[in-house]
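To start, the structure itself, in structure tokens.
The values are calculated or read from the model by the stated rules, or taken from the named source; none is laboratory data. Please read all numbers here as calculations on a predicted model, not as lab measurements. Ideal geometry is used to build each Cβ from the backbone, glycine not excepted, and the neighbour counts take in all protein chains shown. To get the accessible areas, we keep the full protein, side chains included, count just its heavy atoms, and leave off ligands, DNA and RNA. Shrake-Rupley method; radii C 1.70, N 1.55, O 1.52, S 1.80 Å.
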Amino acid sequence: IIFFMASYSFSQVGLYNQCPTKYQFRYLDKVETEFVSSPDLILWTSVHGALEWLYKQINIFIIPTKEETLAKFHELWDEWIKEAWDWLMYKWDQTASDYIRRWEHYLDSYYDKYSPFEWIKLIWTELQLTFQLKEEWEETWRPFRGFVDRLDKEWEDTFVINDYKTNIYLPPEQKEDYREQLTLYALWVKEKYGKYLKKIKAKLHYLHFDICDEWEVTDDLIQPIKERYKKTIDEIENKKEQYNHNPNDKNIFPTKSNSFCPYCEFSNLCPLFLHLNQEDEVLDGWVLWETTVKRLVDEYAKISKQISQETKEKDTIKEVLIEYADSKWYEQLFGNENNMKITKTGNYSMKDKNALKQYLIDKWVFNEVWDISWGKINWLVEDWTIDEETAKELLEYKDSYRVSISKKKEEKIEEE
């Protein structure tokens, strides 16, 4: 039996990882949102179109000049601007000339860097691709689709996946989203052109910074990424099945607060922001008398801040008094009205949980302490189940203190 599922893309999986609720709104509930075009989107489209035109000319042995390439960009820009004028929104008081100047600079730098383009052997440009995320022995088919800006052949046996990025901020090296995307696309390249190549490379062209991030795509690099995306897709499919049976369950696709929330087109539906634009409601609570929700939120925040500050001061005083008592060998300190008893104890913590687990398995006691809590660890040491040498190797000992407060000549009033 072969199990088929809907086709996925990087944007879909990325949206699910960003916020499952947003994924639900867009792909399951198919909530319609108002389309708002942006100069950034138009510039992205125009620059990609100009570079596509450039390489198609190169592929038929015509090398356009820089001026001709820039003219193509202006032609595409004018077409898109005219079509999207009614929906266009500029940010940060920028104008069309600001965008055009910026992208003229990008194309100018790119052309100078790669001219005269004699080494290029173009295979595809603006390529839509579909491939499967599955192993040969698997019965589950996970169709995956993508889009490659340019695929070309370099030297005798190297295929290169190219992607143009128009970000005005350079992603940090540890941000792997873009690299994972091109790495996974290599599966399609291997499937279609495997007999022609010995090596696959990927290049991320950050046009704003004139930087090219380049790496070789190997099987060792592909496999863990492939497995991770397979796992996420299977998770989404499982949640979709749950949702189909119980669409009112809000916990299937939970919200996830992140830096994209202020720009989310579904904020008017999202539980995280649903209350934001609502009228303030009066709560007739006999304990708090009559008040409003917003006033209670502010009052709670105020009290929480006070408690937090008091707790911080309390912990500081406690540490100072414990250190003083320890240095003087006192076990009880006396104030004018209260006594403070300090009991010194100690706890063991694990250095290596797996090593400790294996040790307990070998001692035939693991079933008794399967959760390996700190309390049971200390009990095992006190019971000599864990000998002194093993404790030094696998455990770490730390002093701890228990403090109790009592009124003078009265019963104890607090313990912590």
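I'd like the full set of residues that are among the aliphatic types (A, V, I, L, M), in a helix (DSSP H, G or I) and at pLDDT below 90, limited to the range 21-47. I'd like the intermediate steps shown before the answer.
First, the residues of the range 21-47 that are among the aliphatic types (A, V, I, L, M): 28, 31, 36, 41-43, 47.
Now restrict to residues that are in a helix (DSSP H, G or I): 28, 41-43, 47.
The answer is 41, 42, 43, 47.
For the range 126-166, what are the residues that are part of a strand (DSSP E or B), closer than 19 Å to residue 199 by Cα and open to solvent by 20 Å² or more (accessible area, probe 1.4 Å)?
153
So is residue 146 in contact (Cβ under 8 Å) with a residue 60 or more places away in the chain and among the small types (Gly, Ala, Ser) or not?
In short, yes.
Looking at 251, 258, 244, which one is open to solvent by 100 Å² or more (accessible area, probe 1.4 Å), within 16 Å of residue 23 (Cα to Cα) and part of a loop (DSSP other than H, G, I, E, B)? Working first, answer last.
Working: 258 fails: open to solvent by 100 Å² or more (accessible area, probe 1.4 Å); 244 fails: part of a loop (DSSP other than H, G, I, E, B).
Just one listed residue meets the conditions, 251.
Of all residues in the range 87-107 being farther than 28 Å from residue 186 by Cβ, touching a Ser or Thr at 6+ places or on another chain (Cβ under 9 Å) and not in a loop (DSSP other than H, G, I, E, B), which is modelled with the highest pLDDT?
Of the range 87-107, the ones farther than 28 Å from residue 186 by Cβ are 87-105.
Those still in the list that are touching a Ser or Thr at 6+ places or on another chain (Cβ under 9 Å) too: 87-91, 103.
Pick out the ones that are also not in a loop (DSSP other than H, G, I, E, B) and you get 87, 103.
Values: 87: 53, 103: 83.
Across the range 87-107, the extreme among qualifying residues is 103.
Could you list all residues from the range 350-386 that are of a type in the set (S, T, N, Q), at pLDDT below 70 and under 35 Å from the mean Cα position of the chain (by Cα)? Talk me through it step by step, then tell me what you get.
Narrowing the range 350-386 to residues of a type in the set (S, T, N, Q): 354, 358, 367, 373, 378, 385.
From what's left, at pLDDT below 70: 367, 373, 378, 385.
The answer is 373, and nothing else.
Can you tell which of 84, 50 is more than 26 Å from residue 256 (Cβ to Cβ), open to solvent by less than 50 Å² (accessible area, probe 1.4 Å) and modelled with pLDDT under 90? Can you show your working first?
Values: 50 fails: modelled with pLDDT under 90.
Among 84, 50, only 84 is more than 26 Å from residue 256 (Cβ to Cβ), open to solvent by less than 50 Å² (accessible area, probe 1.4 Å) and modelled with pLDDT under 90.
Answer yes if at least one residue in the range 319-326 is over 46 Å from the mean Cα position of the chain (by Cα), more than 21 Å from residue 398 (Cβ to Cβ) and among the hydrophobic types (A, V, I, L, M, F, W, C), and no otherwise.
Taking every residue of the range 319-326 in turn, none turns out to be over 46 Å from the mean Cα position of the chain (by Cα), more than 21 Å from residue 398 (Cβ to Cβ) and among the hydrophobic types (A, V, I, L, M, F, W, C).
Tally time: how many residues in the range 167-195 are farther than 20 Å from residue 232 by Cα and open to solvent by 40 Å² or more (accessible area, probe 1.4 Å)? If you could, list the steps in order and put the result at the bottom.
Filtering the range 167-195 for residues farther than 20 Å from residue 232 by Cα gives 167-174, 189-195.
Pick out the ones that are also open to solvent by 40 Å² or more (accessible area, probe 1.4 Å) and you get 167-170, 172-174, 190-193, 195.
Residues that pass the stated criteria total 12.
Per-residue answers, yes or no, for (1) open to solvent by 100 Å² or more (accessible area, probe 1.4 Å); (2) within 29 Å of residue 7 (Cβ to Cβ):
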position	(1), (2)
240	no, yes
291	no, no
300	yes, no
305	yes, no
332	no, no
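When the range 167-197 is examined, which residues are found to be in a helix (DSSP H, G or I) and of a type in the set (A, V, I, L, M)? If you could, list the steps in order and put the result at the bottom.
First, pick out the residues of the range 167-197 that are in a helix (DSSP H, G or I): 177-196.
Answer for the range 167-197, where residues must be in a helix (DSSP H, G or I) and of a type in the set (A, V, I, L, M): 182, 184, 186, 187, 189.
What are the pairs with Cβ atoms under 9 angstrom where one residue, in the range 111-130, is on the phi > 0 side of the Ramachandran plot and the other, located anywhere, is open to solvent by 40 Å² or more (accessible area, probe 1.4 Å) and part of a helix (DSSP H, G or I)? Sequence gap at least six, or different chains.
As it stands, the answer is 126/52, since those pairs meet every condition given.
Restricting to the range 110-125, what's the tally of residues that are open to solvent by less than 30 Å² (accessible area, probe 1.4 Å), touching a strand residue (DSSP E or B) at 6+ places or on another chain (Cβ under 8 Å) and not aliphatic (A, V, I, L, M)?
Counting residues in the range 110-125 that are open to solvent by less than 30 Å² (accessible area, probe 1.4 Å), touching a strand residue (DSSP E or B) at 6+ places or on another chain (Cβ under 8 Å) and not aliphatic (A, V, I, L, M) gives 2.
Does residue 200 satisfy being in contact with a helix residue (DSSP H, G or I) (Cβ under 7 Å, 6 or more places away or on another chain) and either within 30 Å of residue 112 (Cβ to Cβ) or not in a helix (DSSP H, G or I) (or both)? Can you show your working first?
On the way: in contact with a helix residue (DSSP H, G or I) (Cβ under 7 Å, 6 or more places away or on another chain): yes; either within 30 Å of residue 112 (Cβ to Cβ) or not in a helix (DSSP H, G or I) (or both): yes.
Answer is yes for this residue.
What number of residues within the range 98-108 are over 26 Å from residue 146 (Cα atoms) and open to solvent by less than 30 Å² (accessible area, probe 1.4 Å)?
Quick first cut of the range 98-108, residues over 26 Å from residue 146 (Cα atoms) only: 98-102, 104-105, 108.
In the following step, the residues that additionally are open to solvent by less than 30 Å² (accessible area, probe 1.4 Å) were identified as 99.
Of the residues in that region, 1 qualify.
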